[in-house]
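Chemist: My questions will all concern the structure given below.
The values are calculated or read from the model by the stated rules, or taken from the named source; none is laboratory data. Nothing here was measured: the structure is a model prediction, and the numbers come from that model. Glycine gets a Cβ as well: all are built from the backbone with ideal geometry, and neighbour counts include every protein chain shown. Just so you know, the surface numbers come from the protein's heavy atoms only, side chains and all, with ligands and any DNA or RNA stripped out. Shrake-Rupley method; radii C 1.70, N 1.55, O 1.52, S 1.80 Å.
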Amino acid sequence: MDLGWLWWLGAALVLGVVEMLTVDLLFLMLAGGAVAAAVAGLLGAPFLVQLLVAAVVAVLLLFGVRPWALARLKATTPEAKTGIDAQIGRLATVVADVTDRAGRVKLSGEVWTARNEQRGTVLPAGTDVVVVRIEGATAYVSAPEVPTDPSQPYGPPAPGY
């Protein structure tokens, strides 16, 4: 009994592990071709037929299934903000009075140079502020909005609730 199909199954497993690290659905489609070749080998097909089955199934999956699956994956996965973009909208605490010219805030455990977005006002130390934008190494901040409805002290509910 020929056990060549086990090599295809091993290749499919390795490709599956690589896919888990990349999440691009490319290696998953190649793994699908390897599984198809393993089935062909299990049924007794010669190696060249197994190779042809692997190639054809992988190409069909790459061009037929992957674009649709990738679109679904991106539509259901929220955009992960990183770096400076992840800081915008976060709360920070003023550690040195913040004016439109100078100041310091503690943001995500780090002390940043800060400027007040609103000219002519001073945000005193200890005040919680919201990061509006970041330019270079300077965080532009403003006082958080105060809810206008006293029955909802944390602001209006999110849409859909």
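Chemist: Does anyone have the angle between helix 4-22 and the longest principal axis of the chain? Alpha-carbon axes, 0 to 90°, nearest 10?
Modeler: Here the helix axis deviates by roughly 10 degrees.
Chemist: Give the angle, between 0 and 90 degrees and rounded to the nearest 10, that separates the Cα long axis of helix 66-76 from the longest principal axis of the Cα atoms of the chain.
Modeler: Tilt of helix 66-76: around 30 degrees.
Chemist: Magnitude of the Cβ-charge dipole of the stretch 6-129, K/R +1 and D/E -1, about the Cα centre, nearest 20 debye? Present the calculation step by step, with values, prior to reporting the outcome.
Modeler: Values: 10 positive and 9 negative charges, 28 e Å.
Computed charge dipole of the stretch 6-129: roughly 140 debye.
Chemist: Still on this model: Could you do me a favour and compute the accessible area per residue for the chain, 1.4 Å probe, result in Å²?
Modeler: On the way: 10950 Å² over 161 residues.
Counting only protein heavy atoms, the per-residue value for the chain is 68 Å².
Chemist: Can you give the charge dipole size of the stretch 50-98 about its Cα centre, rounded to the nearest 20 debye, using +1 on the beta carbon of Lys and Arg and -1 on the beta carbon of Asp and Glu?
Modeler: On the way: 5 positive and 3 negative charges, 54 e Å.
Using Cβ point charges on Lys, Arg, Asp and Glu, the stretch 50-98 gives about 260 debye.
Chemist: Given 0.36 nm per residue, what is the gain on full extension from residue 7 to residue 56 after removing their alpha carbon distance, in nm?
Modeler: Values: separation 49, 0.36 × 49 = 17.64 nm, distance 1.81 nm.
Length difference between fully extended and current span is 15.8 nm.
Chemist: Let me ask you something else. What is the P(r) of the stretch 1-62, as percent of Cα-Cα pairs per 10 Å bin from 0?
Modeler: 29, 50, 19, 2
Chemist: Work out from phi, with θ = phi - 60° and the Karplus expression 6.51 cos²θ - 1.76 cosθ + 1.60, the ³J(HN,Hα) of each residue of the stretch 100-105, listed in order in whole Hz, and give x for Gly and Pro.
Modeler: 7, 10, 7, x, 9, 10
Chemist: Turning to a different aspect of this structure: On each of the three principal axes of the Cα atoms of the chain, give max minus min coordinate, whole Å, ordered largest first.
Modeler: Between the extreme Cα coordinates on each principal axis of the chain lie 83, 36, 24 Å.
Chemist: Now a separate question. Leaving out ligands, DNA and RNA, what percent of the accessible area of the chain is carbon and sulfur, probe 1.4 Å?
Modeler: It is 66 percent, rounded to a whole number.
Chemist: To continue, here is another question. Which residue, 50, 138, 95, has the largest displacement toward the positive end of the dipole of the chain when charges sit on each Cβ (Lys, Arg +1; Asp, Glu -1)?
Modeler: Farthest towards the positive end: 138.
Chemist: So if we plug the beta-carbon distance of residue 14 and residue 113 into 1/(1 + (r/R0)^6) with R0 = 41 Å, what FRET efficiency do we get, rounded to 0.05? Please report the intermediate quantities before stating the final value.
Modeler: Values: r = 49 Å, r/R0 = 1.19.
For R0 = 41 Å, the calculated efficiency reads 0.25.
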